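The values are calculated or read from the model by the stated rules, or taken from the named source; none is laboratory data. Note that the coordinates shown come from a computational prediction; the quantities given were computed from them, not determined experimentally. Ideal geometry is used to build each Cβ from the backbone, glycine not excepted, and the neighbour counts take in all protein chains shown.
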Amino acid sequence: MTGHSYSVQPSSLRAFAQELQTQLDGIATPMNTLATQSSAQPRFGGFTEALMLGQSQQSAIREMHDLLGQVKQAIGFAENVTTSIATAYQNADQDAAASYTAVGAAASAPGATSGPGAAATPGSGTTTPPGSATAAQGG
């Protein structure tokens, strides 16, 4: 996108990933409760309708447990992706800073010449997407 830039703060991504991990931890309690309930057959009585109600309840408990398992997988995936993206941006920032340092060292070496844009300063912890050809200036 020409003319558009954005800023990414790896620390914000890591904070979001931590919140997702907190959500994962929070799902464990209801999943354990449902697992406990599914192992105990309810006793509503000895007549047909009570047995059918018990079967329906067990079916609902299993379905809820399965759905929470799917939610847990989705949140876990989002947490892993968020952490990976934060790491990629952080690595890109570190690589850019290292290259700026190398350019600065080469420019200050005896007999070195420097032209326009030969030395630059690293950004403020923000970067463009890894693999991008240009760096957005953060503020």
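Anything in segment 1-45 that is assigned to a helix (DSSP H, G or I), under 23 Å from GLU79 (Cβ atoms) and over 13 Å from the mean Cα position of the chain (by Cα)? List them, or say none.
ASP25, GLY26, ILE27, ALA28, THR29, PRO30, MET31, ASN32, THR33, LEU34, ALA35
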Scanning segment 79-101 residue by residue, the ones that are acidic (Asp, Glu) and over 14 Å from SER11 (Cβ atoms) total 2
Any idea which of ALA96, ALA102, ALA88 is in contact with a Gly (Cβ under 8 Å, 6 or more places away or on another chain), modelled with pLDDT of 65 or more and outside any loop (DSSP other than H, G, I, E, B)? ALA96
Only one of these conditions is not met by GLY54: (1) surrounded by 15 or more Cβ atoms within 10 Å (Cβ to Cβ); (2) within 29 Å of TYR6 (Cβ to Cβ); (3) of a type in the set (Gly, Ala, Ser). Which number is it? (2)
Restricting attention to segment 8-59, and to residues there that are at pLDDT 90 or above and of a type in the set (D, E, K, R), which single residue is farthest from SER84 (Cα to Cα)? GLU49
Which number in (1) modelled with pLDDT under 95; (2) assigned to a helix (DSSP H, G or I); (3) not β-branched (Val, Ile, Thr) marks the one condition that SER124 misses? (2)
Here the qualifying pairs (Cβ atoms under 8 Å; residues six or more apart or on different chains; first in segment 6-26 and in contact (Cβ under 8 Å) with a residue 40 or more places away in the chain; second of a type in the set (D, E, K, R) and assigned to a helix (DSSP H, G or I)) come out as PRO10/ASP93; ALA17/GLU79; LEU20/GLU79; GLN21/GLU79; LEU24/LYS72; LEU24/GLU79
